[in-house]
1. Calculate, in nm to one decimal, what ILE12 and ARG302 gain on full extension: separation in residues at 0.36 nm each, minus their alpha carbon distance.
2. Just tell me which lysines come within less than 30 Å, Cα to Cα, of LYS289; anything on the same chain fewer than 8 places away is out.
3. How high is the FRET efficiency between ALA179 and VAL202 when r is their beta carbon distance and R₀ equals 22 Å, given to the nearest 0.05?
4. Heavy-atom accessible area per residue, the chain, 1.4 Å probe: how many Å²?
5. Return the carbon/sulfur percentage of the accessible area of the range 171-252, one whole number, probe 1.4 Å, all protein chains in place.
6. Give, as a single signed number, the net charge of other residues whose beta carbon lies under 11 Å from the beta carbon of SER275, with Lys and Arg counted +1 and Asp and Glu -1.
7. Residue by residue, what Karplus-based ³J(HN,Hα) values in Hz, rounded to whole numbers, does the range 366-373 have, using 6.51, -1.76 and 1.60 with θ = phi - 60° and x for Gly and Pro?
8. What full-extension length gain, to one decimal in nm, is calculated for VAL209 and LEU36 as 0.36 nm per residue of separation minus the Cα-Cα distance?
Amino acid sequence: MSLLRSARFPAIVLLIAAVLSLVLANSPWGASIVGLKDTYLGIPGVFEMSVGHWIQDGLLAVFFFVVAVELQFELTNGELNSARKALQPAIAAAGGVIVPIAVYVAFAAGSDASSGWPIPTATDIAFALGVLAVFGKGLPSGIRIFLLALAILDDIVGIVFIAVLFTDGVNIALLVGGAAAVAVFAVLSRNLGGRGSAAIGVALVVLGVTTWVLVYLSGVHATIAGVALGLAMAQQPALRTRHALEPWVNAIVLPLFAFSAALVVIPQVSPADLSPAFWGVLVALPVGKIVGITLFGWISLRIGNRGAAPHLSIMDLLTAGALGGIGFTVSLLLSELAFAGEPLVRDEATLGVLAGSAVSLVIAAIFVAQRARHYRRRGAVPAEADPHHDSPEESRIT
């Protein structure tokens, strides 16, 4: 199980799943595999979804539950539990949202791709930690914490976009029912560990599934149910649950989603004929993130309390920006949601996410390795501080 919990494993498996999916989609078996993704499963006439939607709306809710547990911990006991700690990464994260949106809009304004502006705003924590684990031996803990906080704040932005932008025709009664189920879930979770824990555990599972169904039927994206449950659950039981789910999320949920989302046929057209969604995402992820995070991070160093956070050089901020450009998981989901009714544009936006994330991954690996060498030469980190061994912060993140 230690392999499934390591920082490197999710990044490697996600990359393999995406590449394999892209290859198969463009093979002679591509049409059959895409057809399987569109096959409907469930109780006929009662509750049915396509295989793709079971993965996107169902399994991915488990991933968002795990992310929400981490957010809850960081906001109450971790690196974001005070305005002082959160100031610098929050300002840098704002730049990592605003500038990529501006870059995307510059490409897509006035076209049928304009609704895809949220796509390049996300950062993939699994990939960011994977790059740090593989290439970051010697980076000081302060820089690693800054990068982690930045990625977590980006996740918050992505969750807000999903909740606000991709909700249509909300059934208030069902949504209130879901909220009530979350409230009962929160109360029961605070009684785990005592008498009747087994029965309470079963009740929590039932309440979790009920919440998911009610949120899905209400018109709000079903992954928000996972977020609500992760934030509401009592912290210690939530951390134990996250620990138990982590190997399954890393080995099954995320690879299946990456495989499903990347199952697109590469258009046989000239580059000039590709949608603005492709070019907007392709440029916004590596360029927008690097410029936005570096610029706003530099500003944060001048207005924040320098004694309250690690000193970061321009090269450190450039490294953070490159890591931020690895959008992948949440960006793929945002691509699916933004162009749900336009499959051709969605596929090109997905290709933009894959290509932009790949460019960012290469740039980030180079920058992280260079900064790690720099700090090792300076002797800034004790020899035992090896990022190839998961830190407590990394072991809590999927």
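1. Working: separation 290, 0.36 × 290 = 104.40 nm, distance 3.71 nm.
In short, 100.7 nm is gained.
2. Within reach: LYS85, LYS137.
3. Efficiency for this residue pair is about 0.50.
4. Values: 16480 Å² over 398 residues.
Using a 1.4 Å probe on heavy atoms only, each residue of the chain averages 41 Å².
5. Values: 2830 of 3760 Å².
After summing per-atom areas, the C and S share lands at 75 percent.
6. Summing Lys/Arg as +1 and Asp/Glu as -1 gives -4.
7. Karplus values, whole Hz, x for Gly and Pro: 5, 5, 4, 4, 5, 5, 5, 4.
8. Working: separation 173, 0.36 × 173 = 62.28 nm, distance 2.49 nm.
Net length gain for the segment: 59.8 nm.
The values are calculated or read from the model by the stated rules, or taken from the named source; none is laboratory data. Only a predicted model underlies this, so the values are computations on that prediction, with no experimental measurement involved. Glycine also receives a Cβ, built like all others from the backbone with ideal geometry; neighbour counts cover every protein chain displayed. These accessible areas exclude ligands, DNA and RNA; they are computed on the full protein's heavy atoms, side chains included. Shrake-Rupley method; radii C 1.70, N 1.55, O 1.52, S 1.80 Å.
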